[in-house]
Structures are given as C-alpha cells and as structure tokens.
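Scroll down for the structure; my scribbles are underneath it.
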C-alpha cells in the first residue's frame, strides 16, 4: 500500500530556481482559494551582486532581514551573518501560525541559516507534527537531524529542481495538493 504524499521536499544547487518554484506553487494554490502559510526567502541584491536574504511571512506579509554580508552581528554562514531576531520574529512565527491556521505549510528553506535558530527548529518540527501538507526546500547536502526528520517522514517525496523540471514542477505539485485538499474538504 503506497502512502499519499503529504510532504514535498525540493532540493538542488544554489541559483537553480527552488524559491521561484515554491513561490509559483504558493501563487497557484492561492488562485484556487487554499490557505497558504509559512515563509518564503528572497534574495537581496545591489546591482547584480547578492548581499543577503530576507524572510517573508506568507500569511501576513511581514518581512525581516534573514542574513546580510554588511553586518558583523549574528552567526556566520558562508559570507553572511544571520539575523537571529528576524528569523525568530518572522520565520519561526510564520511557521507557528501556519501549523495552526493554514491548509498548506511552505518552508523556504530548511538550511544552514535557518537552522541557527532554536525557535525556527521548534516551529519546523511543529509543522511536521501538524499532519498538514508541507512544501519545503531542504539543503541538498547538509546533514542535520531536523533535515533527516523531513527526509524520513512518512509520505515525503524528494525532488531535485533542475533546468529540465523547474517549469512544470509548480503546476504538478499544486495539482497534487489541490487534489488532497479537495478530498479533505469533502471527507
């Protein structure tokens, strides 16, 4: 007996379009009237150079700096410093809200920056326990107990975003979620 997918995990190399795929999934599900919650990550650029990231609460629109290369505060991840308070106040809080109120939870992403926050970790685990459908970007090569929980969860499927699948992937995932949400609404 096969388990129905309830956890869509996306991975892939930096810059391949994972966040774009997730944003399109959110858009498609909203167009069908589904309640989407969680967080999106956006690049911050000056000209052509990436200087950091922001984190956005999908339900409320609240936004905070996630990481920057122009500050000396916060844990260092690569060339960036993580804004722990922004990650807590927007990232973790958006996941807490989504686990209680959303039809689908989106987590973009569960990676090295986000995992510097104990509050974000707890909120992401609460999302897993919620039993709600989740779309999450996970860091492709990172070994971490929380990422392993996502990978090992019953009903999870891992897809590597590539140049070949990134155009059709948002519609595919949104259609699968729409089917699940439609089924739940009538049962």
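None of the figures in this text is laboratory data; all of them are computed from the coordinates on show. Please read these numbers as outputs of a predicted model, since none were measured by experiment. Cβ coordinates were reconstructed from backbone atoms using ideal geometry, including for glycine residues, and neighbour counts include every protein chain displayed.
Structure summary
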{"quantity": "Degrees between helix 118-130 axis and first principal axis of the chain (Cα, 0 to 90, nearest 10)", "calculated": "0 degrees"}
{"quantity": "Percentage relative contact order, the chain, counting C-alpha pairs under 8 Å, at least six apart", "calculated": "30 percent"}
{"quantity": "158, 87 arranged by Cβ crowding within 10 Å, fewest neighbours leading", "calculated": "158, 87"}
{"quantity": "Helix 18-31 vs. the chain, principal-axis angle (Cα, 0 to 90°, nearest 10)", "calculated": "50 degrees"}
{"quantity": "Cα long-axis angle, helix 169-186 against the chain (0 to 90 degrees, to the nearest 10)", "calculated": "50 degrees"}
{"quantity": "Relative exposure of 5, 179, 116, judged by other C-beta atoms within 10 Å (fewest first)", "calculated": "179, 5, 116"}
{"quantity": "Cα radius of gyration and Dmax for the range 66-115 (Å)", "calculated": "12.3, 38"}
{"quantity": "Antiparallel DSSP beta bridges within the range 7-186, as percent of all bridges there, nearest 5", "calculated": "50 percent"}
{"quantity": "77, 104, 173, 46 arranged by Cβ crowding within 10 Å, fewest neighbours leading", "calculated": "46, 77, 173, 104"}
{"quantity": "More than 28 angstrom apart: percent of Cα pairs within the chain", "calculated": "19 percent"}
